[in-house]
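Below you'll find the structure, written out as structure tokens, and then a few comments.
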Amino acid sequence: MERFIVKRALASLISLAFLVVAVFFLSRLTGDPTDLYLPLDASLESRAQFRALHGLDQPLMVQFVDYLKDLAVLDFGESIRRAQPALDVVVSAFQWTLQLALITIAIVAVAAIVFGSLAAFNVGKIFDRFATFFSLVGSSVPEFWVAIVAIVVFSVQLGWFPTSGTGTALHWVLPVAILFIRPFGLIVQVVRSSMINALSSAYVKTAKAKGVKAKTIIFVHALRNALLPVITVIGDQAAGMLNGAVVVETIFGFPGVGKLMIDSILQRDFTVVIAAVVVTAFAIFIMNLIIDLLYALLDPRIRY
């Protein structure tokens, strides 16, 4: 088990190292922050002082070496826009995204496993057709369109929910509901397909012949053997949310890392962009490691 974990960790760290290098050079392609933060008529002296203050007066490779040295001690520098440590800015925003992702994926996982399992147990019946139809629709509709329609209907016309912010529980309802739709549709389809295979196996037929209750057959005998592909999809969807639910966070004014990253790119706040990418990538690395451990717990063959 330890060797398995070490191998997966090393593979993820190599990917993270490549990502760090790519983000540094790609962020520089957005332009010079001096042109954005100083007036057009700023003097050459003021521009030179600004560039020196933020380390932009050095050759690109010198900046890269300095960046790696600072990164080694988790020093991401100071945000140009906010005059605060970039890591503090990102961690503050990431907490909101993490809460949003965990709440949504927990609800999605429970609901999708129940619906998908029941659909598989009732293949071809009304419930199966109902679950299949709505899961296909949910996995196909664009989030930005649903979010806008939800705001118009539930916030503007009915006045049930606020349009933006995070002040109360009502502020969370629409963002969670919109993020729920697509993962739910995808996971229901995977659960249904995997459970159909599990329910057709010999041990399930034996359990039915012995008169075991349907609930026990579905959620005890068949579900564990059907969970491996389901966990993969749940992990992918959770990682996608951690990567920043950019559309939902932007539309609902949610102060998460996705919205922060978009704003920082537009503001050429390089330190925040890099810190956001590194923190998000590290969180996804941890999540993937947890998924790998779940694989090993569910299927002993993976440990060897």
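Computed from the coordinates by the stated procedures, all read-outs in this text should not be read as laboratory data. Keep in mind it's a predicted model, so treat the numbers as computed, not measured. Backbone-built Cβ (ideal geometry, glycine too); neighbour counts: all protein chains shown.
For this structure, a couple of remarks:
- Gained length - ALA106 relative to PHE18, 0.36 nm times residue gap less alpha-carbon distance: 28.6 nm
- Only helices enter this figure: runs of n ≥ 4 DSSP H residues, each worth -39500 (n - 2.57), summed and divided by the residues of the chain, yield -24000 deg cm²/dmol at 222 nm to the nearest 500.
- Taking the Cα atoms of the chain, the ratio Rg/Rh between the radius of gyration and the Kirkwood radius comes to 1.08.
- Contour minus Cα-Cα distance for VAL152 and ARG82 (0.36 nm per residue): 21.9 nm
- Top of ALA275, ALA209, ALA239 by mean-square fluctuation, Gaussian network on the chain, Cα under 10 Å: ALA209
- Three-way shape label, segment 41-147, alpha-carbon gyration tensor, a/c 1.5: prolate
- This model, with +1 at the C-beta of Lys and Arg and -1 at the C-beta of Asp and Glu, gives the chain a dipole about its Cα centre of some 2040 debye.
- Taking segment 80-114 and a reference point 7 angstrom along Cα→Cβ of GLN49, the backbone N atoms nearer than 20 Å belong to 80-84.
- In the chain, Cα pairs under 8 Å separated by at least six residues give a relative contact order of 28 percent.
- Centre separation in Å (Cα based) which lies between segment 49-88 and segment 89-165: 39 Å
- Efficiency of FRET between ASP66 and PHE144 - r from beta-carbon atoms, R0 41 angstrom, step 0.05: 0.60
- With 10 Å bins from 0: P(r) over segment 136-177, alpha-carbon pairs, percent: 29, 52, 18, 1
- Summarising the amide proton neighbourhood of GLU78: residues at separation of 5 or more, or on other chains, whose placed amide H is nearer than 5 Å comprise ALA86.
- Relative contact order of segment 140-297, defined on C-alpha pairs under 8 angstrom at six or more residues apart (%): 23 percent
- Segment LEU29-ALA209, length gained on full extension (0.36 nm per residue, minus Cα span): 58.2 nm
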